[in-house]
Every structure is written in C-alpha cells, then in structure tokens.
Amino acid sequence: MMILVTGAAGQIGTDLTTTLREKFGNQNVVAMGRKTPMPKDIAEGGPCVMGDVTDIEGYRKIVDGYQIDTVYHLAAILSATGESNPQLCYDVNLNGLYNILEVAKDHGQRLFCPSSIAVFGPGTPLENTPQETVLKPTTMYGVTKVAGELLCDYYFHKYGVDVRGIRYPGLISWKTRPTGGTTDYAVEIYYEAVLNNRYECFVRADTKLPMMYMPDAIKGTLDLMDAPLESLKHHSDFNFAGMSFSAQELADCISARMPGFECTFKPDSRQNIADSWPDSIDDSAASEEWGWKPSYDLEKMSDDMLENLKRKLG
Ligand code: SER
C-alpha cells in the first residue's frame, strides 16, 4: 500500500500522517503540503513532497512518482478564511477535489475526502441533526462541502471510485494548531489557559457546537477506511459525533483544572458562522454501518489536552 496525505502540515494532517506511518510503515506514507513548512517530525519521519492540489498535472506527477494507491485528501480552506477569500476557498476545495477525483478515477485509487458540520445551515434541525436533512449552508466553505459530498458520491456511482468521508465536527488537538476555522476557539482556549491563564473567546458564552478530540477523529477515519465496502450504504457524508458543549461549559471545565483561569467573551464575525451550525449530531448511520463509537468526553479530553500542552509549552 502506498498512501498520500494532502494537507499533511495541517491540524488533522500532522496527527493522521503520524498514525498512518505507525500503521503502514514510515516509507509507505507520503506527506504532501503546499506552502506551510512541514513540522520536523513529519519531514524527518518519512517521504514528503511539496505540491498544490489545484495543479492537476503537478499532482499527477507526484501520484505517478510514488505509485500512490490511497489518498487522504485533507488540503482545504476552512470556514473563516473561506469567508475572507471565497474565491480561494472555491478553488482549493472544489477544483482541488475535482482534480483528486479525476486522478483517482484514472489510477483506481481509494480516497478519503472529509466533509464537515458546515454542510448544515439555517433550516437544519439544531439538536441531534439527522443524517438526511436540509443542507443549505450560508458559508462558501459549507457550499464547497455540500457540493464536494455530491461530487464524491457521483464518482462512486459513475466510475466506482471507492471514496469515503465523514462530516467532522470541530476538532480539538494539541499537536498542530488549526487555522482559519470557526471552531478554533475550542483549541485556542487550552493554549491560552496554559500560556496566560486567560482567554478572550470570539464566540458568545452560550454558543454550543459539536466537537471531537483528535484521537477519536483519527480512529473514526481509519475505521471508516477499514470498513468492508458492502457494509456501507453511505459513502462521503457520514454524520460523526463526539461531544457537544457551550463555550461557557468549556471555560468552566478548564477553570476547574486551572485555578484562576479567566475567560471573557467578545464575539466577532465568526459568531454568525457558529450560529448557522447545529448544536449536536445524530451519528447512528456511522455506528450502524461501521461501528463508530467515541471514547472522549469533555472531562477526559480536557485532562489530556492540558497535560500534553503543559509538556509541549513548558
Ligand atoms: N472546524 C471547521 C471550521 O471551523 C469546521 O469543519 O471551519
């Protein structure tokens, strides 16, 4: 097996590349990035290549050169950056995905292409959002994710490309900080707690969103890719849930572990994006079709985040 991870320098990419290398061997997992320098452990841990998913010929050369048969396509522009630069978001998320799918069709590759809770929007039920529901997002990021899910399913039905995907909730991790997302506050708050014992949060205290700790997200991703194709009724659009909490509940959980921690709330333009997304997700299709079950709740995640960040940040 020869695997390529696009967006390997990103928040999910760094954790996923490391786990894939542990599972399949360092030399069998190629980390691809665009302009961000690769973190040292990724650069030194196995093959790395610079490339841009919007350049199909360059991408084809990479895939041919390494004889790639499986791609985890994580390169994307997230929701907040997408609202500052909708054209870039469209280009990377849709033209980039189209290139990945075309090359996968020509090479018979298996694909993982993530989606997001950003596919939901006004009109979607807020609580326990069902698998099949209204998908009318109001962000460019959400528009590209809805279209992306449809495009992936099209390539499965039309060309037999085995492409799978999950609607990731906000992901929380300590290894690499996220950039350009709306759910980034749920990561920043831990960093700022450890560094300064205070945080100014960019959404309101009562903002509740679906979230997940990275080890669960990585496990779910690998489990979905390991599932027998015959057991899947869905392919690119699995609802995927870990936990849900408000920004205040998150701050309180940190306060209980960090005496004197102070969180203030000063909503900015990202509040509108957060308000358009659900509070909690029904992921019964994922549990029925490939046995999904999360391991972390807010308490267990907070213990692990703070322990790792204290070590990392000294
Ligand atoms: N975490 C992403 C964002 O906030 C959602 O998929 O943009």
Taking residue 204 as the residue in question, decide whether it is within 22 Å of residue 85 (Cβ to Cβ), open to solvent by 40 Å² or more (accessible area, probe 1.4 Å) and touching a residue at least 40 places away in the same chain (Cβ under 8 Å).
no
Any residue at all in region 233-243 that is more than 28 Å from residue 308 (Cβ to Cβ) and hydroxyl-bearing (Ser, Thr, Tyr)?
yes
State yes or no: is residue 67 farther than 26 Å from residue 157 by Cβ, of a type in the set (S, T, N, Q), buried (at least 21 other Cβ atoms within 10 Å of the Cβ) and in contact (Cβ under 8 Å) with a residue 40 or more places away in the chain?
no
Can you say whether residue 256 is touching a helix residue (DSSP H, G or I) at 6+ places or on another chain (Cβ under 9 Å), open to solvent by 40 Å² or more (accessible area, probe 1.4 Å) and of a type in the set (A, V, I, L, M, F, W, C), as far as the supplied structure shows?
yes
Please verify whether region 208-226 includes one or more residues that are closer than 23 Å to residue 101 by Cβ and within 13 Å of the ligand (Cβ to nearest atom).
yes
More than 15 Å from the ligand (Cβ to nearest atom), open to solvent by 10 Å² or more (accessible area, probe 1.4 Å), acidic (Asp, Glu) and touching a Leu at 6+ places or on another chain (Cβ under 7 Å): which single residue out of 162, 106 fits that description?
162
Give the residue that is surrounded by the fewest Cβ atoms within 10 Å (Cβ to Cβ), with candidates limited to residues of region 165-201 that are of a type in the set (A, V, I, L, M) and more than 12 Å from the ligand (Cβ to nearest atom).
195
Residue 42 vs. criteria in a helix (DSSP H, G or I), among the aliphatic types (A, V, I, L, M), within 27 Å of residue 174 (Cα to Cα) and touching a strand residue (DSSP E or B) at 6+ places or on another chain (Cβ under 9 Å)
yes
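Which one is least open to solvent (accessible area, probe 1.4 Å) among residues in region 125-149 that are in a loop (DSSP other than H, G, I, E, B) and over 17 Å from residue 284 (Cα atoms)? Step through it out loud before you land on a result.
Pass one, region 125-149, residues in a loop (DSSP other than H, G, I, E, B): 125-128, 130-139.
Next, from what is left, pick out any that are over 17 Å from residue 284 (Cα atoms): 134-139.
Details: 134: 58, 135: 56, 136: 141, 137: 26, 138: 91, 139: 6 Å².
Among those that are in a loop (DSSP other than H, G, I, E, B) and over 17 Å from residue 284 (Cα atoms), it is 139.
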I'm told residue 75 meets every condition in (1) open to solvent by less than 10 Å² (accessible area, probe 1.4 Å); (2) within 16 Å of the ligand (Cβ to nearest atom); (3) closer than 11 Å to residue 8 by Cβ except one. Can you identify the failing condition by its number?
(1)
Here is a check on your reading of the model: is residue 130 within 16 Å of the ligand (Cβ to nearest atom) and not hydrophobic (A, V, I, L, M, F, W, C)?
no
Find all pairs meeting these conditions: Cβ atoms under 7 angstrom apart; at least six residues apart or on different chains; first residue within region 22-43 and without any contact (Cβ under 8 Å) to a residue 24 or more places away in the chain; second residue hydrophobic (A, V, I, L, M, F, W, C).
24/1; 24/3
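The values are calculated or read from the model by the stated rules, or taken from the named source; none is laboratory data. Here the structure is a predicted model, which means the values were calculated and not measured. All Cβ positions, even for glycine, are placed from backbone atoms using ideal geometry, and neighbour counts span all protein chains on display. The accessibility values were calculated without ligands, DNA or RNA, using every heavy atom of the protein model including side chains. Shrake-Rupley method; radii C 1.70, N 1.55, O 1.52, S 1.80 Å.
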